[in-house]
Amino acid sequence: MYIAQFAQGLEPLDITHDHFVEDAILTARDLGGEVSPSIRCQSRNLLINGLRLHVLDWGEPTSPTLILLHGGVVSCRTWGPFCAMLADKYRLIAVDMRGHGDSEWPRDGDSNHNLMADDLAKLITTLELDNPIVVGHSVGGMLLMRVMLKSPELLGSAVLVDVGPKTAYNGWKARNEVTEPSRLYDELEEYVQRNAPRLKRSEEHMRRNARHEFMQRMDGRYQLKYDPRHPMGGPDEKTMPGLPTLEQMVAYQGRCLVVRGGNSWFLAAEDAEEFAATLPRGELATVPDCDHPVYIENPVGLATVIEAYVDSLEFVTGAVA
């Protein structure tokens, strides 16, 4: 059973005044972010590669467009506080990848990264977006790197958040079912108490987050909204098939910002520096006071970095999207 409200058909659902948006605004302000009093948010479904993919569409359709790709296990709603700070400036399309969030789970469990990258390319053409900036974190960045090489003409620019061809990740074993106690909760408050220290968030912020990131199983227990059959990926071809190498990424001629969490264990500082230097038009930025989940632990810092980067694109090209 899903807890959060989202569109049930192909007609968009306005959730501007839903408690999800209210919670995102409260958290953004608690963290020191500025939020416009008039922001718009819609829940939308798209048919992509035979699946229903869900997106949250923030801001005005006429604003410069940024597509936001979350990491593994979480959902597009984790971008909430970040979006609340920038929705008065940009159109922000936060995507629930297949098998995550409020998107459909593939019946055969097929969520390999190459297929998911194709989902992203199809989403851009389905929405008829004109060279959007795409921001990908972790697994979302792994998908974005594939699109950067296969369909660079679809992108206005790329932002890779705490991910690159070289990572310190040891891989993820896909499962048929979530069974381990560390990922199941009898009550949402159990999740709050267990994870607030780990994610460096206040209990109130985690409580707001829990209202939107979980589904309730038939046995009454709660789990994060993701398909356990989904392969998170790892540093070898068995667990992360087709991840572009550093040498292959040189082929991407567009502008790209590599963003690293200042305390990241996932992307080493030297690997981030090498990646940005190797890309023909690569740049590097560091967001302080955060680990790998950059947009969760320091959404204000990431919003500041990305806004400055988008402003630089406008200065150079005269247009963003």
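The values are calculated or read from the model by the stated rules, or taken from the named source; none is laboratory data. These numbers were taken from a predicted model, which means no experiment stands behind them. Backbone-built Cβ (ideal geometry, glycine too); neighbour counts: all protein chains shown. We work out accessible area using only protein heavy atoms, side chains counted, and drop any ligands, DNA or RNA first. Shrake-Rupley method; radii C 1.70, N 1.55, O 1.52, S 1.80 Å.
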If I ask for residues that are of a type in the set (F, W, Y) and either open to solvent by 20 Å² or more (accessible area, probe 1.4 Å) or out of contact with any Gly (no Cβ under 6 Å at 6 or more places or on another chain) (or both), which ones from region 246-280 would you list?
Y252, W265, F266
Hey, does region 187-194 have a residue that's open to solvent by 10 Å² or more (accessible area, probe 1.4 Å), among the β-branched types (V, I, T), at pLDDT below 95 and in contact with a helix residue (DSSP H, G or I) (Cβ under 8 Å, 6 or more places away or on another chain)?
no
Per the filter on region 281-306, residues open to solvent by 60 Å² or more (accessible area, probe 1.4 Å) and more than 26 Å from P81 (Cβ to Cβ) are R281
Determine which member of the set S202, S182 is at pLDDT 80 or above, open to solvent by 40 Å² or more (accessible area, probe 1.4 Å) and not charged (D, E, K, R).
S202
Of all residues being under 15 Å from the mean Cα position of the chain (by Cα) and over 14 Å from D96 (Cα atoms) in region 66-85, which is surrounded by the most Cβ atoms within 10 Å (Cβ to Cβ)? Just the residue, please.
C83
Residues D102, D88, D57, D23: which one is farther than 18 Å from K225 by Cα, in contact (Cβ under 8 Å) with a residue 24 or more places away in the chain and open to solvent by less than 10 Å² (accessible area, probe 1.4 Å)?
D57
Would you check if there is a residue in region 11-22 being in a strand (DSSP E or B), of a type outside the set (S, T, Y), at pLDDT 95 or above and under 27 Å from S202 (Cβ atoms)?
no
Name the residue that is nearest to C83 (Cα to Cα), counting only residues in region 39-54 that are charged (D, E, K, R) and touching a residue at least 40 places away in the same chain (Cβ under 8 Å).
R40
